[in-house]
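Each remark here refers to the structure printed beneath this line.
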Amino acid sequence: MDESAAENVPLNILIADDSDSDRLILKALLKRLGHQVLDAANGHEAVLHFQQGAPDIVLLDALMPAMDGMEAARQIKRLAGERFVPVIFVTSLSEPEDLAGCLEAGGDGFLSKPYNRLMIKAKINAFNRMRLMHQALSDQRDLTHERNRQLLEEQHVARRVFDNVAHTGCLDAANIRYHASPLSIFSGDVLFASPRPAGGMLIFTGDFTGHGLPAAIGAMPIAESFYGMASKGFDGSDILREINQKLVRILPKDMFCCGVMVEVDFAHNQLNIWNGGLPDIWLIRSTMEQYALPSRHLPLGILSANQFNAEMEAVRSRPGDRLLLMTDGVLECANREGQLFGEQGVRHAIESTSADSHPFDVLMGAIKQFTGQQKFGDDLTLCCVEMVEEAGQTTLTEEVGLSTLAGPSQWHCDYEIRENTLGEFNPLPLLLHICMEVPGLRRKSGEVYTLLSELYNNALEHGVLRLPSDWKYTPEGFERYYSERSERLNRVSGHYIRFSFQHDLMPSGGRLRVVCEDSGQGFDFHSHPVLQSTDMAQSGPRYGGRGLALLMRLAESIRFHGKGNRVEVIYDWFI
Amino acid sequence: MADLPHLDEEALAELQDVMEDEFATLIRTYLNDSKERITSLKSAMKHRDADAFAKTAHSFKGSSINIGAPHLGELCRQIEKVGLEERLSDAPPLLSAIDAEFQQVTAALETLMAGSAE
């Protein structure tokens, strides 16, 4: 504070003294110093003047009739509230107990009689500096309080917005168990799960570098991409590519997101996994065999689109198998000695899992025992998903009301992808989108998606790539199948997959006719066991037993044409 | 104590400077107040009201010192002490002294004002 500035400002000063001559002198002295003066002849008048005139500084005689200076000081201090109004006793009292009484009544200092011009000036200036300092401090404090209140309110609103975007999806499904702090959005962890249009689930868990608002802001577009794309039928790789690209664009250089994406396919008993920078994923088979699936990729938000590898690792599974996903918070749990739970702790807990215990409970229990705490920090996320029989899966298809718009009813559409695009592009979301323009089909999106994905995957894997489905039935074959798959996708020159759609209205609904033709060699559909009998356990060289059985269950009819490389499916829907 | 002057010339000069046109008003106010105080002191003594006696003496002391009448101020301090110690029987001689000193101060101040009014 500038001293000279404080001295030059005229102040509004209240004086109270019952001695008329003393009051006259003091008033004249203060006016000489450039201040405005309110004067009172007793304590009662002083309190009234204080209420009306709101003076900056008060000078009180200690002994006055009709309320003395001490009582006046008490009332004035009470009226001033949080405002600091210096009260200075002007007195010829000299007994220590009298002076102490003045201070106890709220007095801030003394001026002794007889008056001394220099002392009065110096005291007034000193107390004015204190007053201004106090004012500045309480203004700062009020500002800080207000800012803090605003910030909390904004976070509250942000939280509501975030919860709407980053909802928990289908995390409440019977086959999922998870622990995520309710405050996790501001801690940097995210956990999402979405049902897929054709059944099955997509699960994503992520761990942002950093905490608080920046991490939450980064999580928003991830949530939107994840839920938006998952419901439209995009697969895990598509969504990972999108998320990575978004994060590269929006995050500062020192921020990224470690993440795990899991496609859970109950129909085909298969898990597809991508781990970028999170701790090992653990697969615990119903037979109690255990496998760690380590991170094979850099976190999201680092590599440019052409360097980013979104290829997922396929894992064969059976009902009862369980997959454990976790963020770094699990490894970083510390005990009282400051030791970390670490990978060792996780491995030890999982190895101690027995057939009648759930690995989720075992791991949570081990963490609680290790840390000695019943509550965890905010940045600990643990999720366990169990493979179940498809029939035991609750239908997760969304209720979609019939649109008031009629939409297209009579239409035809051909769509063909060829050459390298076969290995680079997933056409299913686009094809589903076209079909979903028909309001009657929109309610059947799950079934339509299942039909399209079975047709497409069969055409690609068995038709174009000529991968025998029976490989998938042994662990070695399964691995060989997927390594051959990515190998052969590089050699698709001259190949194509062509979809041909036709939709027509029928008396009480509509009919979708889909023809899927590929450039492969076809197969001997006349002697395919599933087409000959109802024995689903058998599998043929071209169509996996389950896939074909699924088609037969959903479709009105399935017919193979040509050399077996052209499939025609009729799908009827009713109002 | 007896050495203290009736008027503190230096203090009065400063007061004159500070009060400017109001100096005469100040002196009149002081003289009127003081007369009232002497009456109050006598009345309090008559009614054996030591507390009122001490308080009046205290105010009288303060204003006398402020106005530049140190000897009168000192006499006031003594009777304030008498009041505080509830020895009102010791008051009469001091009150007489105050009466006498006040006459002196009044005369001196009248002279001063007559001089400054020229």
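The values are calculated or read from the model by the stated rules, or taken from the named source; none is laboratory data. If you're wondering where the values come from, they're calculated on a predicted model, not measured in any experiment. We place every Cβ from the backbone using ideal geometry, glycine too, and count neighbours over all the protein chains shown.
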task = Tell me, please, whether a residue that is touching a strand residue (DSSP E or B) at 6+ places or on another chain (Cβ under 8 Å), among the aromatic types (F, W, Y) and surrounded by fewer than 20 Cβ atoms within 10 Å (Cβ to Cβ) can be found in segment A:241-263.
result = no
key: The one condition in (1) within 10 Å of another protein chain (Cβ to nearest Cβ); (2) farther than 22 Å from A:S94 by Cα; (3) crowded, with 20+ Cβ neighbours inside 10 Å that B:E22 fails to fulfil   = (3)
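So that you can scan it fast, the table gives a plain yes or no per residue for (1) crowded, with 22+ Cβ neighbours inside 10 Å; (2) more than 17 Å from A:C384 (Cβ to Cβ); (3) basic (K, R); (4) modelled with pLDDT of 85 or more:
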| position | (1), (2), (3), (4) |
| --- | --- |
| A:A158 | no, yes, no, no |
| A:V161 | no, yes, no, no |
| A:L191 | yes, no, no, yes |
| A:A198 | yes, yes, no, no |
| A:L213 | no, yes, no, no |
| A:G233 | yes, yes, no, no |
ask   = Any chance segment B:71-85 includes a residue that's touching a Gly at 6+ places or on another chain (Cβ under 9 Å), surrounded by 13 or more Cβ atoms within 10 Å (Cβ to Cβ) and either facing another protein chain (nearest Cβ under 9 Å) or in a helix (DSSP H, G or I) (or both)?
value = yes
query = All but one of (1) β-branched (V, I, T); (2) within 14 Å of chain A (Cβ to nearest Cβ); (3) within 19 Å of A:A41 (Cβ to Cβ) hold for B:T39; which doesn't?
reply = (2)
query = Looking at (1) within 14 Å of another protein chain (Cβ to nearest Cβ); (2) over 23 Å from B:R77 (Cα atoms); (3) not acidic (D, E), which is the only condition A:V47 fails?
reply = (1)
inquiry  = Condition first: in contact with a helix residue (DSSP H, G or I) (Cβ under 7 Å, 6 or more places away or on another chain) and under 16 Å from A:M201 (Cβ atoms). Now tell me which residues in segment A:225-243 satisfy that.
reply    = A:F226, A:M229, A:A230, A:K232, A:G233, A:F234, A:D238, A:I239
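For (1) modelled with pLDDT of 85 or more; (2) farther than 30 Å from A:Y449 by Cβ; (3) part of a loop (DSSP other than H, G, I, E, B), each residue gets a yes or a no:
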position: A:F370; (1), (2), (3): yes, yes, no
position: A:F376; (1), (2), (3): no, yes, yes
position: A:D379; (1), (2), (3): no, yes, yes
position: A:L382; (1), (2), (3): yes, yes, no
position: A:T397; (1), (2), (3): no, no, yes
position: A:V400; (1), (2), (3): no, no, yes
position: A:T404; (1), (2), (3): no, no, yes
position: A:G407; (1), (2), (3): no, no, yes
task = List every residue pair whose Cβ atoms lie under 6 Å apart, where the two residues are 6 or more positions apart in sequence or sit on different chains, the first residue falls within segment A:348-368 and is under 11 Å from A:L382 (Cα atoms) and free of Cβ contacts under 8 Å to residues at least 40 places away in the same chain, and the second residue, located anywhere, is small (G, A, S) and part of a helix (DSSP H, G or I).
result = A:L363/A:A349
Members of segment A:109-156 that are in a helix (DSSP H, G or I) and within 14 Å of another protein chain (Cβ to nearest Cβ) = A:R117, A:L118, A:M119, A:I120, A:K121
request  = Look through segment A:18-44, keep the residues that are among the basic types (K, R) and surrounded by fewer than 19 Cβ atoms within 10 Å (Cβ to Cβ), and return whichever of them is farthest from the other protein chains (Cβ to nearest Cβ).
outcome  = A:K31
ask   = Just one of B:S34, B:S63, B:S59 is modelled with pLDDT under 90, within 9 Å of another protein chain (Cβ to nearest Cβ) and closer than 23 Å to A:I25 by Cβ; which is it?
value = B:S59
key: Looking only at segment A:73-94, and only at residues there that are in contact with a helix residue (DSSP H, G or I) (Cβ under 9 Å, 6 or more places away or on another chain) and within 14 Å of chain B (Cβ to nearest Cβ), the one that is surrounded by the fewest Cβ atoms within 10 Å (Cβ to Cβ)   = A:L93
ask   = Within segment A:526-575, which residues are part of a helix (DSSP H, G or I), closer than 13 Å to A:A459 by Cβ and at pLDDT below 75?
value = A:G547
ask   = When you look at A:G218, is it more than 30 Å from A:E447 (Cα to Cα), among the small types (G, A, S) and assigned to a strand (DSSP E or B), yes or no?
value = no
query = Would a scan of segment A:484-499 turn up a residue that is under 33 Å from the mean Cα position of the chain (by Cα), surrounded by fewer than 16 Cβ atoms within 10 Å (Cβ to Cβ), among the acidic types (D, E) and not assigned by TED's automatic domain parsing to the domain that holds A:P197?
reply = no
